[in-house]
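Step one of this worksheet: look at the structure below.
The values are calculated or read from the model by the stated rules, or taken from the named source; none is laboratory data. Note that the structure is predicted; figures quoted are calculated from it, not measured. Note: ideal-geometry Cβ built from the backbone for every residue, glycine included; neighbour counts use all protein chains shown.
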Amino acid sequence: MEEGAETEDEPFHFAYSATLRIFGESLDFEAISAALGLLASNTHRKGDPGRVRLYDADLWSYTAPLDESEPLHKHIDALWAALKPNKRYLLLLKQRATVDVFLGYRSDCEWAGVEVPHSSLELFTQLEIPFGLSIVIA
């Protein structure tokens, strides 16, 4: 049987995530955390070593704290619930930093897809950011 193919004993694996990312120069990580009322899931500074090269910007990020097996829309909704009270701050922050949401979808099923209900897209329209989805089939 082909590697990664589903068997009765091994169902396909699906993993999802939603992460707010803030990129910029000389970001004040403590101020961002305080303004959002959230602890960063990850931070790095411009020039820190990354997996392949040095990072070219500061990063503060927050990932919705759900199990990766939860559907993508639940990750988006949890992230928006955490961010919505501070929408205004994020919109102002966009004037001096890049604010986006990184959505992840990983699976070992090469023919699967993902569906996001229209109600879960409010995050993107309210923050005026594009809906982008990273898809990894392995």
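Working carefully through the options Ser69, Ser17, find the one that is among the small types (Gly, Ala, Ser), within 30 Å of Trp111 (Cβ to Cβ) and surrounded by fewer than 16 Cβ atoms within 10 Å (Cβ to Cβ).
On the way: Ser17 fails: surrounded by fewer than 16 Cβ atoms within 10 Å (Cβ to Cβ).
From the options Ser69, Ser17, the qualifying one is Ser69.
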### Test: Leu127 is under 30 Å from Pro11 (Cβ atoms), in contact (Cβ under 8 Å) with a residue 12 or more places away in the chain and surrounded by 15 or more Cβ atoms within 10 Å (Cβ to Cβ)
no
### Query
Say we look at the range 7-24 and pick out the residues that are in contact (Cβ under 8 Å) with a residue 60 or more places away in the chain and not in a strand (DSSP E or B); which of these is nearest to the chain's Cα centre (by Cα)?
His13
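Check whether at least one residue in the range 78-93 is closer than 30 Å to Glu10 by Cα, among the small types (Gly, Ala, Ser), touching a helix residue (DSSP H, G or I) at 6+ places or on another chain (Cβ under 8 Å) and surrounded by 13 or more Cβ atoms within 10 Å (Cβ to Cβ), and report yes or no. Reasoning before the result, please.
First, pick out the residues of the range 78-93 that are closer than 30 Å to Glu10 by Cα: 78.
Now drop any that are not among the small types (Gly, Ala, Ser), which leaves 78.
The next check asks that each one be touching a helix residue (DSSP H, G or I) at 6+ places or on another chain (Cβ under 8 Å); those that pass are none.
No: zero hits.
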#### Entry: Count - residues of the range 77-112 that are touching a strand residue (DSSP E or B) at 6+ places or on another chain (Cβ under 9 Å) and either touching a residue at least 60 places away in the same chain (Cβ under 8 Å) or under 20 Å from Ser17 (Cβ atoms) (or both)
24
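With a cut-off of at least 1 residues that are β-branched (Val, Ile, Thr), more than 18 Å from the chain's Cα centre (by Cα) and at pLDDT below 95, name the helices (runs of 4 or more DSSP H) lying wholly within the range 49-128.
none
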#### Entry: Hits in the range 42-59 - residues which are within 23 Å of Lys87 (Cβ to Cβ) and free of Cβ contacts under 8 Å to residues at least 24 places away in the same chain
Asn42, Thr43
#### Entry: Asp28 vs. criteria touching a Leu at 6+ places or on another chain (Cβ under 8 Å), over 25 Å from Phe124 (Cβ atoms) and surrounded by fewer than 16 Cβ atoms within 10 Å (Cβ to Cβ)
no
### Query
Does Lys94 satisfy being closer than 22 Å to Ala31 by Cβ and among the basic types (Lys, Arg)?
yes
